[in-house]
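The values are calculated or read from the model by the stated rules, or taken from the named source; none is laboratory data. On a predicted model such as this, the values are computed, not experimentally measured, just so you know. Glycine also receives a Cβ, built like all others from the backbone with ideal geometry; neighbour counts cover every protein chain displayed. Side chains are part of the model used for accessible areas, which takes the heavy atoms of the whole protein and leaves out ligands, DNA and RNA. Shrake-Rupley method; radii C 1.70, N 1.55, O 1.52, S 1.80 Å.
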Amino acid sequence: MSEPRLDLTRIFELETHGPDTFVGESPRYSWGRIYGGLVIAQALWAATQTVRAEHAVHSLHAYFILGGDLSEPVRYEVDRVRNGRSFTTRRVLARQSAGAILSLACSFQVQEGGPETQSATLEPGLPAPDTLPWHWDAGVQRADVPMPARPPRSTAWARFPHSLGEDPRVQACGLAYLSDVNAMGAVHRSHPNDHEGLMGASLDHAMWFHRPARADDWVVLDMLGHGMIGSRGLATGTVFHPDGAHVATIAQEGLLRVKRGPA
């Protein structure tokens, strides 16, 4: 079912609240909690504010701790772990009144020469986004690619519906926002009951940025589920530009439990 359209135009307008501390607001997501991809993207943008412009993000690793409350802003506290000539490391804690809701570590690298290779490939014959029906999901446009039930897979085109501007750092944060769109879909498809009577939550999320890409243009997120154990499932996948460039890699672990009926 399509979600209503949300206004995402101000999600990267974080307010400064003291040294290395920022506050962000959330749109009113229809499921009643803050979208995890928003907290990741805003935490990354908060960290980016403390890094020299010539250093670009190349990876992030995040743990979801609590569901975010839509009625409260989120406070992002940045720890300047290391400032190096080639690499910069930051740690961000996202807080609300109930406590920490996300812990994120991210690393930035200055542009460096070297060989460039690619082994991951965009699946031949994948339908283009303009040939597929699309719907709103977490405020972005999403077009799902039909896939067989096995292997457990979720493949979707996604993009922001408005321009994010020309700053590649903002575009990277936009890509981080998109990275949480369909990872849990692949985890769900790893479960024997699929979507029937299950309660799900993301546990942790990792992302590696390989090449610049615009999050306000279509990208395809191709996620594969790897099975379930201990009520936890893992999905990994790749993000491609329509021209086949491998722009990012994602890994996410999610929790799936059977909903309990009334006592």
So how much accessible area does GLU166 have, in Å² to the nearest 10, using a 1.4 Å probe?
-> 150 Å²
In Hz, Karplus ³J(HN,Hα) per residue of region 6-23 (6.51, -1.76, 1.60; θ = phi - 60°; x = Gly, Pro) = 10, 8, 9, 5, 10, 5, 9, 8, 7, 8, 7, 10, x, x, 6, 10, 9, 10
When only DSSP loop residues count, what trypsin sites (Lys or Arg not before Pro) in region 20-70 have their Cβ near at most 15 other Cβ atoms within 10 Å?
-> ARG28, ARG52
Local electrostatic count at GLN111 - Lys and Arg +1, Asp and Glu -1, tallied over other residues with Cβ under 15 Å = +1
Rank these by accessible area, largest first, 1.4 Å probe: MET228, MET207, MET199.
-> MET199, MET228, MET207
For region 35-160, state the average projected area of the convex hull of the C-alpha atoms over all orientations, rounded to one decimal in nm².
-> 11.0 nm²
Choice from ALA43, ALA128, ALA183 showing the highest fluctuation, given a GNM over the chain with Cα pairs closer than 10 Å | ALA128
Convex hull over the alpha-carbon atoms of the chain: what's its volume per residue in Å³?
-> 144 Å³
Can you list residues whose amide H is under 5 Å from SER59's amide H, if they're 5+ apart or on another chain and H is modeled 1.01 Å from N?
-> SER107, PHE209
Go through region 225-230 residue by residue and turn each phi into a ³J(HN,Hα) via Karplus (6.51, -1.76, 1.60, θ = phi - 60°); whole Hz please, and just put x for glycine and proline.
-> x, 10, x, 10, 7, x
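Summing +1 for each Lys or Arg and -1 for each Asp or Glu, what net charge is found among the other residues whose Cβ lies under 15 Å from the Cβ of GLY230? Write out the running numbers ahead of the final one.
Values: positive: ARG232, ARG257; negative: ASP204, GLU253.
Once all neighbours under 15 Å are counted, the net charge is 0.
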By accessible area of protein heavy atoms, probe 1.4 Å, what ranking do THR50, THR89 get, highest first?
-> THR89, THR50
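Using only the Cα atoms of region 119-263, what semi-axes does the equivalent ellipsoid have when each is the square root of 5 times a gyration tensor eigenvalue? Give whole Å, largest first. Mind dumping the intermediate values first?
Details: eigenvalues 143, 51, 45 Å².
Over the Cα atoms of region 119-263, the ellipsoid semi-axes are 27, 16, 15 Å.
Cβ under 11 Å from ALA47's Cβ, ALA47 left aside: what net charge do those residues give with Lys, Arg +1 and Asp, Glu -1?
Numbers: positive: ARG80, ARG90, ARG91, ARG169; negative: ASP20, GLU77, ASP79.
Computed value for this residue: +1.
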When all protein chains stay in place, what accessible area (Å², nearest 10, 1.4 Å probe) is found for HIS226?
-> 100 Å²
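Could you please put ARG150, ARG80 in sequence from largest to smallest accessible area, using a 1.4 Å probe?
ARG150, ARG80
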SASA check, HIS162, accessible area w/ 1.4 Å probe, all protein chains in place, rounded to nearest 10 Å², comes out at 40 Å²
